[in-house]
Amino acid sequence: MSEPNPYADGEYKWGPTQPPGTPGYGYPNPAPGYGYPGQGQDYSQTMPAGVPVPMGAPAPMGGAPLVSIGDITVMGDSIVTPAGTLALRGAVWNATDMSRTEEKIPTHAIVLAIVFFIFCLLGLLFLLMKEKTTTGFIQVTVTSGGKHHSTMIPAQGPHTFQTVMGQINYARSLSSM
């Protein structure tokens with residue numbers, strides 16, 4: 001970004017308008033507290049049990065899996081997928097919630113409301129019964145070193161997306177070390 005545009009010729013000039021030698025888009029970082037972790041910020045990472053991670057402690061290499069998200073398994077220094085092994089450092093994680101939760105009145109509540117409406121007017125209270133059903137999937141994608149893998153996790157309830165996001169945030173913290 002600091003070199004002049006080699007493709008500019010004639011009147012039409014496009015590209016960066018900065019003079020040569022000036023940094024582009026705040027690099028090197030002039031503002032404290034902005035940019036990648038490790039530049040004056042303390043995110044105080046924790047392990048799954050809430051135990052603080054000592055600063056500068058490397059992630060365990062190899063051995064047991066640290067977290068498993070669908071068919072994606074995060075090891076100490078790599079990500080194992082059916083498509084191959086990806087590098088953990090610098091991996092980009094994304095999640096998309098493609099689930100939906102529907103609320104409806106169950107059939108037995110309608111039958112009870114009709115039966116009890118005939119005998120007393122309290123039968124209409126059965127129409128207040130609701131049933132929630134969740135269907136769909138959560139899509140998790142990981143990209144590292146030019147390789148890409150995606151997996152679909154079935155939604156068991158409305159809480160599934162928050163659970164998956166917790167696992168992804170843990171994997172993101174391991175990717176940034």
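Scalar couplings 3J(HN,Hα) for region 77-89, obtained by applying the Karplus form with A = 6.51, B = -1.76, C = 1.60 to θ = phi - 60°, are 9, 8, 10, 9, 10, x, 7, x, 9, 10, 6, 6, 5 Hz; x denotes Gly and Pro.
Loop-located trypsin sites (Lys or Arg not before Pro) across region 76-171 with a Cβ neighbour count of 10 or fewer within 10 Å are Lys130, with loop assigned by DSSP.
Karplus-derived 3J(HN,Hα) values for region 123-136, using 6.51 cos²θ - 1.76 cosθ + 1.60 with θ = phi - 60°, are x, 5, 5, 5, 6, 7, 5, 10, 10, 9, 10, 10, 10, x Hz; glycine and proline are entered as x. In a fully extended conformation the segment linking Leu122 and Phe137 would gain 1.4 nm over its present Cα-Cα distance, using 0.36 nm per residue. Prolate is the label for region 104-164, because the ratio a/c of its alpha-carbon gyration tensor axes (a ≥ b ≥ c) is 1.5 or higher and a/b is greater than b/c.
Taken together, the values in this text are just the output of simple stated rules run on the coordinates, not laboratory data. Model, not experiment: these values are computed from the prediction. Backbone-built Cβ (ideal geometry, glycine too); neighbour counts: all protein chains shown.
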